[in-house]
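Okay, structure first, notes after.
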Amino acid sequence: MSNPSHRRTPPRADAPSVQAPPSPGALPSDADDNQPPSTGSVTAVLRAMQVLDAFALGESHLPLAELSRRCQLHKTTVLRIARTLALSGYLVQREDGDWRLGPAAGWLGARYQAGFDVQNVLEPALRALTLASGESAAFYVREGNVRTCLVRVEGPQALRHHARMGEGLPLDRGSPGRVILAFSGEPGELYEDIRQRGYHWSIGEREQGVATISAPVFGKHWRLLGSVCVSGPASRLSQQRLEEIAPTVIAAANQLSYELAGNTGTTTTPARVSHWHP
């Protein structure tokens, strides 16, 4: 008699097949569209964001093949997503077949900026800071682990530093990010020094030949909102010059803090409520 422990039972025809798990970092295939991911995210939405994020600054349009390559998705999948986004105006297909961002994408960015009270508070304050310092001025906010330039006013000089709006930049390189980290409670001697001074300057830390000086901006109950920054070529903004304009930058940051917190700094003008989305 044979040993039953060595018998192999053939699989039933109706038994479900077992698939090998996907390799780490692999993108889900088209068959996964209707499967709920364990993280609670929606695969189709994530892919749509991939397609929109594939456009780099300065690129007016991209062919389908390039979108497919950057997103690491099949052309048919990208085409289906692009056509869906086009229905809502987030993408537009050109006559030559290439795709570009649509008006809805611009309107989304405009609404994002509107949440920060840009036109009423930030732009006038930065324009005054530019006139006082003779250099470009910008306002940075923290978005997760990066900082982004929310609004910028260019300086009057022909040679100046150009920051790209909305680009994610490191927090630990450059004075705007260092200030945000310091007043977010980042430990360390450097950040303690920044908290004691109330401002920070850097030369060539993130970008060679560029100098910046920044100060924190607060809202109600000393909630950190971001940092105001003056930037320009290091050839013009030496350490001595940065120290000279430090009081001007701090004064602009303090004024912004009053206005964004709903105060005007005077007793004769009623406080204006400012809607803020950090």
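What follows draws every value from the coordinates through simple rules; no lab data is involved. Keep in mind it's a predicted model, so treat the numbers as computed, not measured. Because the Cβ atoms are built from the backbone with ideal geometry, glycine has one as well, and the counts that use them run over all protein chains shown.
Between the beta carbons of Q208 and D98, assuming R0 = 45 Å, the FRET efficiency works out to 0.85 to the nearest 0.05. Computed from label points 7 Å out along Cα-Cβ, the spacing between E192 and L79 is 6.2 nm.
Between E167 and R127, the simple label model (points 7 Å from Cα in the Cβ direction) yields a spacing of 2.5 nm.
Put simply, when 188-194, 71-77 are sorted by average Cβ atoms within 10 angstrom per residue, most first, you get 71-77, 188-194.
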